Each structure stands twice: as structure tokens, then as C-alpha cells.
Amino acid sequence: DEALLGRLFQYRFHSGAGLRGHSFGNLFLTALSHVTGDFTHAVRVSSEVLAIRGRIFPSTNQLVSLEATLENGKVIAGETHIGATRARIRRVHLVPRKVKPLPEVLEAIAAADLILLGPGSLFTSIIPNLLVSGVAEAIEKSRATRVYIANLMTQPGETLGYTLVDHVRAIHQHTGRKIIDCVVINDRPLAPEVLRRYKHQGAEPVSIDRAELQRMGLECVFDNLLEVHGVVRHNPTRLASLLIENFVKK
């Protein structure tokens, strides 16, 4: 079941010593890298283990950590701690600052017809990959259509109160480049009971200002992309169909 497998790899542990805050997908790759002895090789082998079509590349094979500077000036280190903070994030950066990209990543970007960013954690998943030296530059120079798939919900602390405009601006400000042409947005509202549950957790739907997005020069594509199975997620089949219909050249 592809949908179940997708939810499994996105699952984050909410309790357990050493597990809390980590996703199953990250733990799977960590274990596989220990077995194979090389992280880059582990990512490639994961495609075979999971019978995934296509190729997967990490943005870098260097040992890198993530730091965030909060609005109050405090600096937090590590993805788990950053994701757990309740304070607003001003900026994130890699340690070390200069990180070499995997050559295959730049080659894949240059050859792409369509580049997708997201959905995913803004400050701990999407932006860090764009901070690897040369990646944002390659995306900016690419002739591909560059699409940002808008998150359905904010994340407690990390993006609390963030609108979609805020998400896009954060990406452009961190990279110093305009690397998004279009945003894909869910237009199906959530049921009241789901909204109440997420509000209790400190999350809310990402608000959309279509006029402001268009003033930023962004094309907006709306559709019903919602799937709710305990948690709110994009429906992978509908999302894939939308991307193919709107952006893949016939």
C-alpha cells in the first residue's frame, strides 16, 4: 500500500528516549547508512529496497548540522530541537556554512523539466537543502518550471502564524534568489473537528493571500488535494495528477 508506506516514512515519534521528534524515514536512512557504510550509497540502495522508480540523491554527502537563530536572539542546534521550539525562527544556517553539493544533484537540476519544492517542514527540511552551495543557484538558472507545493498546516513554533506568502518569502530570503514560479495550493477546507484538534496542538491551516502571491509574480494552481487519515496530508494520487496535467509537457 503506497499510501500507508508514505505515511509510515513521514511518521514522527512523539515519545520514547532518543526517538521523540525523529521521523521513521530519517531513522531508516540512518540505519541503512550504518549497514552500507556510506550515506550516499544508502540513499541509492533505499530506492531498490523500497522498489522506487527514479533516482534519489542527498543534496550533500558531507557531515552537516543545522542551527537556527530565533527572533529572541537565541541559537538552537539540531533539527529535533529546532522543530520543537515554540519561538519564531528568524533564520537557519548550515554548520559548516560552506557545504559541497553532490555533483549528481546539480546535474539533475540542470536536466530537469520540472522542479518541485515541498511539501515539508520549511526550516528543517526544505530550506536546509537549498543552503548547500550551488543548489539554489542551479535552480535559479534552470529552465525548468519551479513549483512550490504549499504546506496544508503550519507547524507549532516553527511556522506558527506563517501565511503562504511568509513561506515563499522565507525561501527567497534564505537563498537570496527567486526560485519559485508557481505555487500549488489545496482549496478544500478542513472539517471543524479536525481544525479543533490541530488548534489544540498549536497548528492551523496555512492562510492564502492569492492577490499578494500574484503580485509577487507567482502563478497559483488550486485543487482539492486533501487527505485526512488521522493526520492531514496531501492526497498523493490527486497531487501527482495535478502536476502532470499542469506542468508536464505532452
Query raised in the report: What full-extension length gain, to one decimal in nm, is calculated for S133 and V35 as 0.36 nm per residue of separation minus the Cα-Cα distance?
Result: 32.4 nm
Query raised in the report: With springs only between Cα atoms under 10 Å, which of Q155, Q62, Q201 fluctuates most in a Gaussian network model of the chain?
Result: Q201
Report summary line: Under the helix-only model (-39500 (n - 2.57) for each DSSP H run of 4 or more, divided by the residues of the chain), the mean residue ellipticity at 222 nm, to 500 deg cm²/dmol, is -11000 deg cm²/dmol
Query raised in the report: Which chymotrypsin sites (Phe, Trp or Tyr not before Pro) does segment 2-97 hold that lie in a coil by DSSP with at most 14 other beta carbons within 10 Å?
Result: Y11, F13
**Report entry** Relative contact order of segment 3-158, pairs being alpha-carbon contacts under 8 Å that are 6 or more residues apart, as %
**Finding:** 18 percent
Report task. Among the trypsin sites (Lys or Arg not before Pro) in segment 32-123, which ones are in a DSSP loop with at most 13 other Cβ atoms within 10 Å of the Cβ? Mind listing them? Result -> R53, R55, K74, R86, R97, K98
Query - Kirkwood estimate for the chain, i.e. one over the average of 1/r between Cα atoms, Å - result: 19.2 Å
Report task. Please list 30-36, 162-168, 64-70 highest first by mean number of surrounding beta-carbon atoms within 10 Å per residue. Result -> 162-168, 64-70, 30-36
Query raised in the report: By its C-alpha gyration tensor, with a ≥ b ≥ c as the square roots of the eigenvalues, how is segment 89-191 shaped: rounded for a/c under 1.5, else prolate for a/b larger than b/c, else oblate?
Result: oblate
Query - Cut-off under 5 Å, modelled amide H: who pairs with R91 long-range - result: T69
Report summary line: For K199, counting only aspartates and glutamates whose alpha-carbon sits under 15 Å away and dropping same-chain residues fewer than eight positions off, the answer is E158
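A short reminder: the numbers here are calculations on the coordinates, not readings from a lab. Just so it is clear, the model here is predicted, and its values are computed rather than measured. Note that we place each Cβ from the backbone using ideal geometry, even for glycine, and neighbour counts take in every protein chain shown.
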